[in-house]
Amino acid sequence: MKLLDMLKEEIRKMNVLKRAWFTSFNLNPSFVERYILPALIGWEDVPRTVRDFESIMQIIHERKMDVRFFCDNRMLELDEGKRTTIDIHPLNVNRFNGRFHDGVFHPKVILLQDEKDRCTLFCGSANLTIGGWAHNREGVVCREIESRENAEKVKQFFQKIFKAYFWESFPQDFAIEVEKTEEDWRFSSPLV
């Protein structure tokens, strides 16, 4: 899976991974648990046993990694069940504002943050499913966030998502370390 390989490569470039937030229209927990979670902790093998899934969760908790998955509440695929305690947040688009009343929660954004608060952002069309990451023809771009403008827009994007998911507050320690005032790309979303 090219996208999974790309994710693993970006994780290898970073210092200790502190935060990994994912947004998707539809989400398959089995795919996330079998491919995404192992990538976040550097495992190369696909977990198969209960002990494997427990070990993954233990490592995530020991490292105090903030790992979250957000998706449209109507598109959470639970037919295969769930093997971990990873946070999956189904979102109701009506909680954003009136503009999205008849729409869906559709962004596919991944934020990776290391212990030095440097962030990498993936944006594209791939849902968090085996089809989106292995079978479909998708487009994804990956960029390090280096400017204050992009850092602020990404922060606003996730603040709106946390506000729509009213069970939790936006983390007070969230900050993106940047080195530039400008860069040659801009993060854009109807949410910000």
A careful count of residues in the range 133-159 that are under 26 Å from Leu4 (Cβ atoms), open to solvent by less than 80 Å² (accessible area, probe 1.4 Å) and not small (Gly, Ala, Ser) gives 11
Every listed condition ((1) farther than 29 Å from Val178 by Cβ; (2) surrounded by fewer than 16 Cβ atoms within 10 Å (Cβ to Cβ); (3) touching a Lys or Arg at 6+ places or on another chain (Cβ under 7 Å)) holds for Pro47 save (2)
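Residues Phe162, Phe187: which one is assigned to a loop (DSSP other than H, G, I, E, B) and surrounded by 14 or more Cβ atoms within 10 Å (Cβ to Cβ)? Write out each step before concluding.
Details: Phe162 fails: assigned to a loop (DSSP other than H, G, I, E, B).
Unique residue meeting the criteria: Phe187.
Which one of these is modelled with pLDDT of 90 or more, among the charged types (D, E, K, R) and surrounded by fewer than 17 Cβ atoms within 10 Å (Cβ to Cβ): Arg83, Arg95, Arg63?
Values: Arg83 fails: surrounded by fewer than 17 Cβ atoms within 10 Å (Cβ to Cβ); Arg95 fails: modelled with pLDDT of 90 or more.
Just a single option satisfies the conditions, and that option is Arg63.
Give the residues of the range 1-35 that are among the β-branched types (Val, Ile, Thr), closer than 21 Å to Glu138 by Cβ and out of contact with any Leu (no Cβ under 7 Å at 6 or more places or on another chain), sorted by residue number.
Step one: filter the range 1-35 for residues among the β-branched types (Val, Ile, Thr), giving 11, 16, 23, 32.
Remaining after also requiring closer than 21 Å to Glu138 by Cβ: 11, 23, 32.
Within the range 1-35, Thr23 is the sole residue that qualifies.
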Across the range 75-117, the tally of residues that are within 16 Å of Phe158 (Cα to Cα) and assigned to a loop (DSSP other than H, G, I, E, B) stands at 8
Restricted to the range 50-74 and to residues being assigned to a strand (DSSP E or B) and not aromatic (Phe, Trp, Tyr), the residue nearest to Asn94 (Cα to Cα) is Asp72
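Answer with yes or no whether Ser169 is open to solvent by 70 Å² or more (accessible area, probe 1.4 Å), in contact (Cβ under 8 Å) with a residue 24 or more places away in the chain and small (Gly, Ala, Ser). Break it down into steps so the answer makes sense when it comes.
Details: open to solvent by 70 Å² or more (accessible area, probe 1.4 Å): yes; in contact (Cβ under 8 Å) with a residue 24 or more places away in the chain: no; small (Gly, Ala, Ser): yes.
No.
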Restricted to the range 70-80 and to residues being open to solvent by 30 Å² or more (accessible area, probe 1.4 Å) and in contact (Cβ under 8 Å) with a residue 12 or more places away in the chain, the residue farthest from Phe105 (Cα to Cα) is Glu80
Of the residues in the range 176-192, those that are closer than 27 Å to Ile88 by Cβ and either β-branched (Val, Ile, Thr) or at pLDDT 95 or above (or both) come to Ile176, Phe187, Val192
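Can you go through Trp43, Trp21 and tell me which one is hydrophobic (A, V, I, L, M, F, W, C) and under 16 Å from the mean Cα position of the chain (by Cα)? Even if it seems obvious, please write down each step before you answer.
On the way: Trp43 fails: under 16 Å from the mean Cα position of the chain (by Cα).
The match here is Trp21.
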Inside the range 98-114, the number of residues satisfying the requirement of being over 15 Å from Asn26 (Cβ atoms), of a type outside the set (Phe, Trp, Tyr) and modelled with pLDDT under 95 is 4
In the range 118-131, anything surrounded by 17 or more Cβ atoms within 10 Å (Cβ to Cβ) and either modelled with pLDDT under 95 or assigned to a loop (DSSP other than H, G, I, E, B) (or both) is listed as Arg118, Ala126, Asn127, Thr129
Here the qualifying pairs (Cβ atoms under 6 Å; residues six or more apart or on different chains; first in the range 81-96 and under 30 Å from Pro38 (Cβ atoms); second among the hydroxyl-bearing types (Ser, Thr, Tyr)) come out as His89/Tyr165; Leu91/Tyr165
Selection over the range 7-44 where residues are loosely packed, with under 14 Cβ neighbours inside 10 Å and either under 27 Å from Gln159 (Cβ atoms) or of a type in the set (Asp, Glu) (or both) yields a count of 5
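The values are calculated or read from the model by the stated rules, or taken from the named source; none is laboratory data. Keep in mind the model is a prediction, meaning the values are calculated, not measured. As a convention, Cβ positions derive from the backbone with ideal geometry for all residues, glycine included, and neighbour counts pool all protein chains shown. All accessible areas refer to the heavy atoms of the entire protein, side chains included, with ligands and DNA or RNA removed. Shrake-Rupley method; radii C 1.70, N 1.55, O 1.52, S 1.80 Å.
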